[in-house]
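The values are calculated or read from the model by the stated rules, or taken from the named source; none is laboratory data. This one's a predicted model, so the numbers in the text were calculated from it and none came from an experiment. Counting neighbours? That spans all protein chains shown, and the Cβs are built from the backbone with ideal geometry, glycine included. Just so you know, the surface numbers come from the protein's heavy atoms only, side chains and all, with ligands and any DNA or RNA stripped out. Shrake-Rupley method; radii C 1.70, N 1.55, O 1.52, S 1.80 Å.
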Amino acid sequence: MSDLEVLDNTEQGDGGTQAAVETGVLYLGIDLGTSRTSVTASNGERVTLASYVGYPKDVVSRKLLKKDVLFGDEALQKRLSLNLFRPLAKGVLKFSEQTEEDYEGNVRAAKDLIREAIRLAKPRADELVYAVIGVPAEASINNREAIIEAARESVDSVMLCSEPFSVAYGLDMLDDVLVIDIGAGTTDLCRMHGTMPDESDQLTLDAAGDAVDARLEQELAACCPNAQFTRQMVKNIKERFGSVSERVDEAQVMLPVEGKPTQFDVTDAVRAACHTIVEPIVEGLGRLIATFDPEFQERLKDRVLLAGGGSQIQGLDKAIEAQMQRSLGSGRVIRIEEPMYGGANGALKVAHDMPAAYWESLR
Amino acid sequence: MFESIRRKKGAATRPAPARSEGGGEEKLLGRRARRLNLVNQAHLVRSIDQAVRAGLAGRLTEMDDEAIAEIARTTQAELLTLLKAGAQAVRGLSKEKFLEEAERDRRRILAERERASEDLQALLEQVDTRRREMLQAREELEAESRRSGDAQDEVLAQRIASLFEEEDGASDAAELRERVTDLLLGSVRTEREKVVKAQIAENRQSVENFERRITKLTRSLEVTEEELRRMAERKEVDPGVASVFRTVQGLNEDEDDLEAKTEMMATIFEANLVLQKGGGA
Ligand SMILES: Nc1ncnc2c1ncn2[C@@H]1O[C@H](COP(=O)(O)OP(=O)(O)OP(=O)(O)O)[C@@H](O)[C@H]1O
Ligand SMILES: [Mg+2]
């Protein structure tokens, strides 16, 4: 090494923290979804895993699985020998009707899930880890406390923000924006107008991925007589062929009939099922628009963001636009670039933009 | 509190890098992340030399040039070592670098083990031969001493007999002769046994030495095995990927909607303060 690289410390004086100069700061943006958890990090890592956590049911299972805890798709696959948790599923982290034991189990699973997500982002042992976690807009206060508690074990400082907010913030669209976040269990609609959204800016619908799956199951039963399939197969078909476009490649699938693989054309069934979420979503948008300052309603209609795993249905943006045209007079929908990472990317940006003093006072 | 932060930010004079549009990660991470000053080592060395000379020359007039030069040299060496150590600690190893080094370590240890086990094999063979040689030598020695011993004894006995025969007759002389013979033979045998024992002991000594070396080699082989095992474990412990940020960043002065974003950060923080610390501060 003929040249010594000496870090320029001059611009770090205004950051307020001297310790950080030596250690380095890893920011994490985490999207804690009910079905998927995604992380993007300021070291360039990005990971996504299904929000499932499983613990071996007994000693024999533990011996066979050779692990104390399994995550994501692996946990789902081996669910028969596991106590399976979906710790972020609706209402799971709050007390409600559950037994104390279930609650404890879910909190532990949430902790393990967050720890695993952070581990996958490969933080260095000598770095400070500051994380912003985007949580579903409607997450209850109990839920939020449980998430904080779970995250504290793995990070130096943590903040929560609403997930649709982080999606919009990540795209620098802060003013007069409507965010549609289509997940598995729920579709979250959120109206943004410069400050943090509150209760009245948010709407949660059941018209989401799972609802499409349920509908597609019915459609397939009708159009593929005697064919056998599971909900997982239905979901796979949707993710492969999902579309609401009129002009689209034919969706041909092989399904067993009395054990014999048989080919079916499911194009219309898939389109019909996928289309079922368009109307409820536009109806929800309409409600958020109607209760907004009339002067800015047109602008709001013109700035609709489409995000979430469930938004990957082909032609969905155009279909929502068309429906907005019909029922609201106008509308423009912008599909975000990485639907799976939109929330995490935005949370990462929030983490980055947060002043040092804030991070420190939460440590 | 937020006021003070905002004012602080306002007062800071930061370079204003060009701002690009779009929500890409590049934009997010690229901006102020990697500001490095490169200091040329030769320049650094020269500067230290000058600084030391200037500092000492003024104060210690009685010090000769040679001593000052020596101090400058040690200072340079010390400082460079410190800087290098510091620089490494700050930068850490990249993952590739780490894996590369781990691989190199592993290969070195494997080579060591290879060498050690070859040595061990050779030693074991030598010891085997030695033991066999020793046993054989012992047998031969014993047989030889028995054979030659018997013959020698006879020669000796005859010599003594002839010595006494010259005197002729006396009956107690016969008795005396017998006793002298026994005495002599006994002492000769003891001497001979001593020699055999010494030779055997010498052989045993060399075998023991071999055995000691074997124990040592075996232990060093165990150590390399242990090292290998640890290496395998170390490989699984990912050292992680370093963040592109060394410090907390915060909003840029030239950020679009700076005021709105500052406000939003404050709102998020306040909500979290209430959530996490029950609203104190
Ligand atoms: N290519 C695809 N086409 C259509 N739908 C898809 C596709 N890929 C994934 N999905 C659906 O996206 C949904 C999951 O979306 P996402 O990962 O955003 O959920 P989440 O944020 O964890 O859930 P929630 O928002 O309910 O908490 C699932 O219903 C899945 O089937
Ligand atoms: Mg989501």
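Observations
- Residue-level check: of (1) open to solvent by 10 Å² or more (accessible area, probe 1.4 Å); (2) away from ligand 2 (no atom under 16 Å from the Cβ); (3) at negative phi, A:GLY309 misses just (2).
- Residue match in the range A:170-186 (condition: of a type in the set (Gly, Ala, Ser), more than 12 Å from ligand 1 (Cβ to nearest atom) and in contact with an Asp or Glu (Cβ under 6 Å, 6 or more places away or on another chain)): no
- Selection of the range A:312-323 for residues being in contact (Cβ under 8 Å) with a residue 24 or more places away in the chain, surrounded by fewer than 23 Cβ atoms within 10 Å (Cβ to Cβ) and touching a helix residue (DSSP H, G or I) at 6+ places or on another chain (Cβ under 9 Å) yields A:GLN312, A:GLN314, A:GLY315, A:GLN323.
- The set of residues from the range B:112-144 being under 40 Å from the mean Cα position of the chain (by Cα) and among the aliphatic types (A, V, I, L, M) comprises B:ALA116, B:LEU120, B:ALA122, B:LEU123, B:LEU124, B:VAL127, B:MET134.
- Pick from the range A:35-85, criterion acidic (Asp, Glu) and without any contact (Cβ under 8 Å) to a residue 60 or more places away in the chain, ranking: farthest from ligand 2 (Cβ to nearest atom): A:ASP58
- Only one of the numbered conditions (1) more than 23 Å from the chain's Cα centre (by Cα); (2) within 16 Å of ligand 1 (Cβ to nearest atom); (3) open to solvent by 40 Å² or more (accessible area, probe 1.4 Å) is not met by A:GLU298, and that is (2).
- Residue match in the range B:188-201 (condition: modelled with pLDDT of 75 or more, in contact with a helix residue (DSSP H, G or I) (Cβ under 7 Å, 6 or more places away or on another chain), within 14 Å of chain A (Cβ to nearest Cβ) and at negative phi): no
- Residue that is within 16 Å of ligand 1 (Cβ to nearest atom) and closer than 11 Å to A:ILE277 by Cα, where the choices are A:ALA214, A:ALA207: A:ALA207
- Strands (runs of 3 or more DSSP E) fully within the range A:1-62 counting 2 or more residues that are open to solvent by less than 20 Å² (accessible area, probe 1.4 Å), facing chain B (nearest Cβ under 7 Å) and at pLDDT 85 or above: A:25-32
- Selection from the range A:342-363 of residues that are of a type in the set (D, E, K, R) and more than 7 Å from chain B (Cβ to nearest Cβ): A:GLU360, A:ARG363
- The one condition from (1) open to solvent by 20 Å² or more (accessible area, probe 1.4 Å); (2) within 16 Å of ligand 2 (Cβ to nearest atom) that A:ALA214 does not meet is (2).
- Residues in the range A:323-337 that are within 14 Å of chain B (Cβ to nearest Cβ) and touching a Lys or Arg at 6+ places or on another chain (Cβ under 9 Å): 1 in all.
- A:GLY331 vs. criteria within 29 Å of A:THR34 (Cβ to Cβ), in a helix (DSSP H, G or I) and either within 16 Å of ligand 1 (Cβ to nearest atom) or modelled with pLDDT of 95 or more (or both): no
- Scan of the range B:73-108 for residues that are of a type in the set (Val, Ile, Thr) and at pLDDT 75 or above, ordered by number: B:THR74, B:THR75
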